[in-house]
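Trainee: First the structure, which I've put down as structure tokens, then a few questions once you've had a look.
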Amino acid sequence: MTNAWLVLVVGDDRRQHVGNDGYDDNPRYRYSWDSTVPNHARVAVGHVIALWDGKVLIGVSVIHDIATGTEEKTIYFCPECERAGFKRRRRMAPAYRCYQCEALFDTPGQKTKPVTTYRSHHGQSWIDGRGLLTGDELRNLCDSPSSQLSMRPMRWEKLQDALLERTGEELLPDTEDDEWVPLPAGHKVSKVRVRKGQSAFRDRLLDKQGHQCAMTGPAPAAALEAAHLYSYAESGEHHDYGGLLLRRDIHRLFDLGQIAVDPATGLIYVAPSLRAYPVYEQLHGRPLTVQLRPEHRVWLEAHWLSMRASE
């Protein structure tokens, strides 16, 4: 199962496929769909959502909530073949053409059916990417580039690489020398990386962040580890999306979900079970000691949401 999605946002003035009345979308904050849409049940909290208008990227975020419900949906269909595959003819009459049976008509048939509705909320981590990638570039980042679905599985690491190439901002080094260790099952966000010698990744973080733990402050280099930030997908795949230097004990507790960053405040959260220890209790409610990039915030929020879901 994927952990990122390319989703299509099309206003009513640009809709060609008119088998339904469309959805109430606001790309900056929410995206709506229902159980008639392929892949409708695969999208989950913590997944990355990349929104486009069919021509260019609009923006990228991480889903922090999905509201579900039920309603009666009006479905429109060709009166000849009774299929929903027809388009509006903007400058010709009759008004509609069925691309299944080629029938022309002015008034489609209609019926109602019960559906499950979904609405993502993703405003907290929104990254405006309008126009940074073209439609062709986005299609090529999908698992199936030729797909015509409105919700298409894609890979966040490919999208991130494309954005970094376009903006010229380098967040991560090559990881082809890394050795990835399978993690035990469970719903939490964590990754273990085995380093061979002095990795280029850790060296670069030391150059950028200095001898400083992102949560506790100055520390000897020997006590600092390159902690990777990522989303733990249901498939169990782990991807390298960003990193911060953390003291070894903090890194371990972060992997266990006992220390995190509250996305609502940007402050460090320490689980109640740790607050009996003064060295950790004093971190609760404090800001990080380093500046975060937007990509860091996306995956710190994904870590937070997964930690909450496992409680």
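The values are calculated or read from the model by the stated rules, or taken from the named source; none is laboratory data. Just so we're clear, the structure is a prediction, and the values are computed from it rather than from any experiment. No Cβ is skipped: glycine too gets one built from the backbone with ideal geometry, and neighbour counts run over all protein chains shown.
Trainee: Has the range 73-85 got at least one residue that is within 25 Å of the chain's Cα centre (by Cα) and assigned by TED's automatic domain parsing to the domain that holds Val115?
Mentor: No, the range 73-85 has no match at all.
Trainee: Give the number of residues within the range 1-34 that are over 21 Å from Leu57 (Cβ atoms) and at pLDDT 85 or above.
Mentor: 1
Trainee: Additional query: Counting residues that are without any contact (Cβ under 8 Å) to a residue 60 or more places away in the chain, which helices (runs of 4 or more DSSP H) fully inside the range 246-311 reach at least 3?
Mentor: Fully inside the range 246-311 and qualifying: 248-255, 278-281.
Trainee: Could you grab me the full set of residues in the range 124-151 that are loosely packed, with under 13 Cβ neighbours inside 10 Å and not hydroxyl-bearing (Ser, Thr, Tyr)?
Mentor: Hits for the range 124-151 are Gly131, Asp136, Pro145, Gln148.
Trainee: Those residues that are of a type in the set (Gly, Ala, Ser) and within 8 Å of the chain's Cα centre (by Cα), I need them from the range 44-58; list them, please.
Mentor: Within the range 44-58, Gly46, Ala50 qualify.
Trainee: With the requirement that a residue be under 19 Å from Glu225 (Cα atoms) and of a type in the set (S, T, N, Q), what does the range 252-277 give you?
Mentor: The one that is under 19 Å from Glu225 (Cα atoms) and of a type in the set (S, T, N, Q): Gln258.
Trainee: Still on this structure, I have one more. Collect the residues in the range 207-228 that are at pLDDT 80 or above, among the hydrophobic types (A, V, I, L, M, F, W, C) and over 25 Å from Lys158 (Cα atoms), keeping them in residue-number order.
Mentor: Within the range 207-228, Cys213, Ala214, Met215, Ala219, Ala221, Ala223, Leu224 meet the criteria.
Trainee: Scan the range 28-63 for residues that are of a type in the set (Asp, Glu) and touching a Ser or Thr at 6+ places or on another chain (Cβ under 9 Å) and jot them down.
Mentor: Asp34, the sole residue that qualifies.
Trainee: Taking the residues in the range 47-78 that are among the β-branched types (Val, Ile, Thr) and touching a His at 6+ places or on another chain (Cβ under 7 Å) as candidates, determine which candidate is surrounded by the most Cβ atoms within 10 Å (Cβ to Cβ).
Mentor: Val62
Trainee: Step by step: first the residues of the range 59-72, then only those that are of a type in the set (A, V, I, L, M) and at pLDDT 90 or above, then the one that is farthest from the chain's Cα centre (by Cα). Which residue is that?
Mentor: Ala67
Trainee: Which of the residues spanning the range 72-129 are without any contact (Cβ under 8 Å) to a residue 40 or more places away in the chain and either touching a Leu at 6+ places or on another chain (Cβ under 7 Å) or part of a helix (DSSP H, G or I) (or both)?
Mentor: Matches in the range 72-129: Pro94, Arg97.
Trainee: Please verify whether Ser231 is modelled with pLDDT under 85, assigned to a loop (DSSP other than H, G, I, E, B) and surrounded by 21 or more Cβ atoms within 10 Å (Cβ to Cβ), treating the condition exactly as stated.
Mentor: When the stated conditions are applied, Ser231 passes them.
Per-residue answers, yes or no, for (1) at pLDDT 85 or above; (2) in contact with a Phe, Trp or Tyr (Cβ under 7 Å, 6 or more places away or on another chain); (3) on the phi > 0 side of the Ramachandran plot:
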{"position": "Leu245", "(1), (2), (3)": "yes, no, no"}
{"position": "Val270", "(1), (2), (3)": "yes, yes, no"}
{"position": "Arg275", "(1), (2), (3)": "yes, no, no"}
{"position": "Val279", "(1), (2), (3)": "yes, no, no"}
{"position": "Leu283", "(1), (2), (3)": "yes, no, no"}
{"position": "Arg286", "(1), (2), (3)": "yes, no, no"}
{"position": "Glu295", "(1), (2), (3)": "no, yes, no"}
{"position": "Met307", "(1), (2), (3)": "no, no, no"}
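Trainee: Next question. Within the range 150-181, how many residues turn out to be assigned to a loop (DSSP other than H, G, I, E, B) and either in contact with a Cys (Cβ under 9 Å, 6 or more places away or on another chain) or at pLDDT below 80 (or both)?
Mentor: Of the residues in the range 150-181, 13 are assigned to a loop (DSSP other than H, G, I, E, B) and either in contact with a Cys (Cβ under 9 Å, 6 or more places away or on another chain) or at pLDDT below 80 (or both).
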